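Chemist: For reference, the structure I am asking about is given below.
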Amino acid sequence: MKQTKTFLLGSVASAMLVAGPASAEEIRILINQSPWLNGFVAMVEEYEDQTDNTIELDVTPFGGMLEKTRNSVRGDDGRYDIVALNAAGMAEFYAGGFLKPLTEIDAEFALDENVLTFGGSTGWNFDTNGFSADGDLLGVPINGNVQVLYYRTDLYDEAGLTPPETWDDLMANAKALADDNTYGFIPRASRDSILYNFTSYLFSHGGSFFADPSGGDYSVTIASPEGLKALETYIALGNEAGPPNPGAIAQAELIQLMSTGRAAHAIAVVAAYPVLNDPNSSIVAGKVGTALIPAAEGEEHASAAGHWVAAIPKNVTGEKQDAALDFLNWFLSKKQQLFYVQSGGIPVRKDLSDSAGDNPSFAFLPAFSENASVSRMNMPLPQGSQISDAISLFLNQAVIGELTPTEALNKSADEMHRILTEAGYTLAEPSKL
Amino acid sequence: MATNSTRRRNALWRIGSLLPASLLLVALSIYPVFNLVGLSLSDVEWIDGRAHSEFIGFANFDQLFRHETVYWAGVRNTIIFAICAVTAQMIFGFSMALAARRASGVTRAVLTAVFLLPIVMPPIVIGAMWRLLLGRDFGAVNTLLGYVGIGPIDFLGNPDIALASVILVDIWHWTPFVFLLMLTGLESLDQEVFEAAKFDVRSPWQELRYVTIPLMVPTILITLGLRLVLSFKVFDEVYLLTGGGPGTSTEVINFSIYRTFFAQDRLGVGSAMSLLTLVAVAVLIVVVNLWIRKRRSKSQEATS
């Protein structure tokens with residue numbers, strides 16, 4: 001009885017702490033089908049339990065997210081009160097003026113200092129036409145999906161290895177662990193996903209895509225000696241320690257090979273961690289560790305930011321915008337972020353490690369934090385999807401041997417330069433090899 | 001002799017009966033084509049939540065011919081795809097129809113049901129199923145090949161054979177369509193001709209060569225034309241199996257259009273691609289129609 005009373009009082013107190021909007025609203029959210037969906041659904045259910053608001057989710061495969069978002073925000077009346085996309089995909093919506101600045105919904109709203117912005121991806125600077133934490137606050141992160149290095153802890157223990165610091169270390173470890181039944185390393189090099197995985201290689205070799213994107217200088221710099229070394233490393237890891245024909249391996253195949261014990265290493269999104277360590281979906285559950293992605297000797301580490309951002313469109317009613325912001329604000333609180341991780345989500349705060357304890361659900365947090373702190377976006381501009389499609393093909397052709405690495409990078413540079421100059425950017429001549 | 005009022009009533013009836021279909025045709029076919037033409041000559045930008053369209057003449061077509069190399073790789077692959085897939089489907093579909101026609105009773109019903117199974121399956125199921133079957137490391141096909149010491153073969157990951165693998169799936173998917181039309185055609189042939197031909201032909205092969213195939217020519221040509229045009233619409237199999245890769249080895253026209261129009265949001269260039277493809281397929285339809293008519297009239301001349 002006492003327990004019941006305490007629980008009721010606690011519930012009332014919780015409900016009072018969560019200051020919801022005046023009247024109950026139904027919020028419609030467009031969200032993608034992903035490995036972290038279960039965590040998001042659990043958060044939605046938790047929010048509905050704690051408030052009078054209800055949430056309707058439209059769960060859509062990644063391939064259809066962009067079209068659905070465009071259709072909703074471009075009409076007079078939006079279908080969704082919250083749209084969620086990977087940050088790079090969000091650029092065109094930030095730049096296109098479809099989203100309501102969050103401080104116009106609530107002038108007091110600001111992101112907590114412990115919320116990760118992953119290179120300022122929550123704001124947009126309309127002068128430089130790029131992401132900026134100092135620009136208009138247009139979105140909040142909802143999934144910190146950075147890349148991490150996965151490795152088999154059991155194989156490492158048997159062989160007496162330590163997680164690699166450099167790409168050379170990774171190559172050595174991958175070759176040491178490769179045998180007839182195990183690939184040393186799985187590259188994700190299919191045409192639609194290679195750019196994302198190449199990003200950490202490029203940055204951690206000291207290369208870059210653009211001269212100074214945060215300053216608004218998008219002069220193309222991909223074809224550089226550092227870029228060449230990065231691409232050669234990418235190809236070598238696949239050819240010397242990976243499966244045949246890596247040019248067809250996408251995220252699904254990568255996770256499949258890791259979860260079936262056929263691979264010793266892979267670089268993939270941290271959202272794959274719950275899947276790889278779930279005994280119902282992985283025969284190596286409990287044997288997959290995470291680490292910081294290697295860097296070239298003497299260079300800084302880097303991870304590719306693949307995080308997701310949620311935003312509120314202009315074309316929904318003020319009441320819906322208020323309710324949507326209430327949900328997002330609740331979502332970002334430390335307490336709810338801990339619940340999110342326990343439910344299979346990837347957090348967007350950097351102050352959770354102290355609350356993790358020995359809970360195995362939180363085991364990826366140290367590697368997550370390390371990679372999140374060095375994560376960078378590859379295409380932080382509205383033309384990102386067009387450039388991504390164009391250069392992904394060349395990178396993929398380099399992996400399958402149709403182009404040399406030098407040809408692939410020079411063609412990428414030419415195509416990036418052409419796309420951007422046609423879009424009206426003023427650029428210096430692209431660097432070439 | 002019809003009076004003036006009867007003629008007027010007939011004219012009104014003709015107009016009235018055609019009007020709904022005409023309006024639908026205008027709304028669903030002709031307007032979108034004009035819209036496509038307009039978009040292909042425009043540059044569309046979104047500024048402050050509103051679309052801004054600017055007339056730019058043939059710049060999108062210039063872009064298409066000079067820079068869209070992936071689209072042209074798709075054109076080449078689509079032509080190879082159409083020729084190989086449709087040829088195989090015609091041969092297998094016709095053979096299966098002959099087999100089903102010669103069978104009787106339960107065997108025939110079972111054969112027809114089995115042959116038709118692929119065509120009733122949703123494309124998403126077909127894609128997922130064949131992706132699992134053809135997988136290099138875990139695919140059932142490679143497991144079976146492994147028992148006889150072959151492979152593993154990377155059907156979808158090897159750029160040299162990826163297109164052939166997609167063609168194989170398309171043949172499996174669409175041969176039942178050919179089978180169905182051929183079986184209907186065979187069923188509708190006049191049996192008296194076959195009875196009469198028994199005196200002249202000495203073997204089933206001769207019956208096929210000199211009686212069945214000549215009588216089936218109109219059905220074969222129509223089926224061939226339909227499949228040829230439909231094969232240019234291939235999209236789902238490529239999307240689900242290979243995503244156009246590795247490289248451009250399985251890129252097809254519709255996949256390029258989809259990516260340009262939807263993923264990249266380049267409405268102008270995407271419309272130019274669509275328009276060019278539309279014109280090419282329309283020309284193909286006209287050519288195939290003319291060919292069918294010519295062959296029909298030749299066939300009628302021969303029989304008269």
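The values are calculated or read from the model by the stated rules, or taken from the named source; none is laboratory data. Computed from a prediction, not measured in an experiment: that's the story for all the values here. Using ideal geometry, Cβ is built from the backbone for each residue, glycine included, and neighbour counts are taken over all protein chains shown.
Chemist: Within 19 Å of A:I346 (Cα to Cα), outside any strand (DSSP E or B) and more than 12 Å from chain B (Cβ to nearest Cβ): does that describe A:E46?
Modeler: yes
Chemist: Which residue out of B:T184, B:T212, B:T260 is of a type in the set (S, T, Y), part of a helix (DSSP H, G or I) and without any contact (Cβ under 8 Å) to a residue 60 or more places away in the chain?
Modeler: B:T184
Chemist: Could you give every pair whose Cβ atoms fall below 7 Å, whose first residue belongs to region B:226-238 and is under 24 Å from B:P159 (Cβ atoms), and whose second residue is surrounded by fewer than 21 Cβ atoms within 10 Å (Cβ to Cβ) and of a type in the set (G, A, S), counting only separations of at least 6 or pairs across chains?
Modeler: B:D236/B:G127; B:E237/B:G127
Chemist: Here's a follow-up. In region A:248-291, how many residues are within 17 Å of the chain's Cα centre (by Cα) and small (G, A, S)?
Modeler: 7
Chemist: Ok, one more. Determine which single condition A:P243 fails, assuming it passes every other condition in (1) in contact (Cβ under 8 Å) with a residue 40 or more places away in the chain; (2) more than 8 Å from every other protein chain (Cβ to nearest Cβ); (3) over 21 Å from the mean Cα position of the chain (by Cα).
Modeler: Unmet condition: (2).
Chemist: Going by the structure shown, is B:L189 outside any helix (DSSP H, G or I) and under 22 Å from B:L111 (Cα atoms)?
Modeler: yes
Chemist: For A:S208, are the conditions met, namely being within 30 Å of A:A95 (Cα to Cα), within 14 Å of chain B (Cβ to nearest Cβ), hydroxyl-bearing (S, T, Y) and under 20 Å from the mean Cα position of the chain (by Cα)?
Modeler: Taking the combined requirement at face value, the residue does not satisfy it.
Chemist: Are any residues in region A:97-125 out of contact with any helix residue (DSSP H, G or I) (no Cβ under 8 Å at 6 or more places or on another chain) and more than 18 Å from A:M377 (Cβ to Cβ), and if so, which ones?
Modeler: A:G97, A:P101, A:T103, A:E104, A:A107, A:E108, A:E113
Chemist: Taking region B:22-59, which residues are part of a loop (DSSP other than H, G, I, E, B) and among the aromatic types (F, W, Y)?
Modeler: B:F58 - this is the single residue of region B:22-59 that is part of a loop (DSSP other than H, G, I, E, B) and among the aromatic types (F, W, Y).
Chemist: Shifting gears a bit: Can you say whether B:W46 is within 11 Å of chain A (Cβ to nearest Cβ) and aromatic (F, W, Y), as far as the supplied structure shows? If you could, list the steps in order and put the result at the bottom.
Modeler: Numbers: within 11 Å of chain A (Cβ to nearest Cβ): yes; aromatic (F, W, Y): yes.
Spelling it out, B:W46 is indeed within 11 Å of chain A (Cβ to nearest Cβ) and aromatic (F, W, Y).
Chemist: Something else now. Scan region A:259-297 for residues that are within 12 Å of chain B (Cβ to nearest Cβ) and surrounded by 23 or more Cβ atoms within 10 Å (Cβ to Cβ) and jot them down.
Modeler: Initially, region A:259-297 is screened for residues within 12 Å of chain B (Cβ to nearest Cβ), giving A:259-263.
The one that is within 12 Å of chain B (Cβ to nearest Cβ) and surrounded by 23 or more Cβ atoms within 10 Å (Cβ to Cβ): A:A263.
Chemist: For B:A73, state whether it is within 27 Å of the chain's Cα centre (by Cα), within 14 Å of chain A (Cβ to nearest Cβ) and of a type outside the set (S, T, N, Q).
Modeler: Taking the combined requirement at face value, the residue satisfies it.
Chemist: Here are some conditions: (1) at pLDDT below 95; (2) closer than 17 Å to A:Y150 by Cα. A:W167 meets all but one. Which one does it not meet?
Modeler: Against the list (1) at pLDDT below 95; (2) closer than 17 Å to A:Y150 by Cα, A:W167 comes up short only on (1).
Chemist: Of the numbered conditions (1) within 14 Å of another protein chain (Cβ to nearest Cβ); (2) over 23 Å from A:G120 (Cβ atoms), A:I312 satisfies every one except a single condition; which is it?
Modeler: The number of the failed condition is (2).
Chemist: I'm checking my understanding of the structure. Among residues of region B:28-77 that are in contact with a strand residue (DSSP E or B) (Cβ under 7 Å, 6 or more places away or on another chain) and of a type in the set (S, T, Y), which one is surrounded by the fewest Cβ atoms within 10 Å (Cβ to Cβ)?
Modeler: B:S53
Chemist: I need the full set of residues from region A:228-240 which are surrounded by fewer than 20 Cβ atoms within 10 Å (Cβ to Cβ) and either within 13 Å of another protein chain (Cβ to nearest Cβ) or modelled with pLDDT of 95 or more (or both), in order please. Walk me through it before giving the result.
Modeler: Step one: filter region A:228-240 for residues surrounded by fewer than 20 Cβ atoms within 10 Å (Cβ to Cβ), giving A:229, A:232, A:236, A:239-240.
Matches in region A:228-240: A:K229, A:E232, A:A236.
Chemist: Sticking with this one: Counting just the residues of region A:342-371 that are crowded, with 24+ Cβ neighbours inside 10 Å and either among the aliphatic types (A, V, I, L, M) or part of a helix (DSSP H, G or I) (or both), which one comes out farthest from the other protein chains (Cβ to nearest Cβ)?
Modeler: Filtering first and then ranking leaves A:F368.
Chemist: Only one of B:A128, B:A164, B:A113 is within 19 Å of B:S249 (Cβ to Cβ) and either away from chain A (no Cβ under 14 Å) or part of a helix (DSSP H, G or I) (or both); which?
Modeler: B:A164
Chemist: Give me the residue from region A:171-198 that is crowded, with 24+ Cβ neighbours inside 10 Å and out of contact with any helix residue (DSSP H, G or I) (no Cβ under 7 Å at 6 or more places or on another chain) and, out of that set, modelled with the highest pLDDT.
Modeler: Here the residue is A:N173.
Chemist: For region B:218-247, name all the residues that are within 14 Å of chain A (Cβ to nearest Cβ) and of a type in the set (S, T, N, Q).
Modeler: Listed by number, the list holds a single entry, B:T242.
Chemist: Are any residues in region A:37-72 among the β-branched types (V, I, T) and surrounded by fewer than 15 Cβ atoms within 10 Å (Cβ to Cβ), and if so, which ones?
Modeler: Of everything in region A:37-72, those that are among the β-branched types (V, I, T) and surrounded by fewer than 15 Cβ atoms within 10 Å (Cβ to Cβ) turn out to be A:T54, A:V59.
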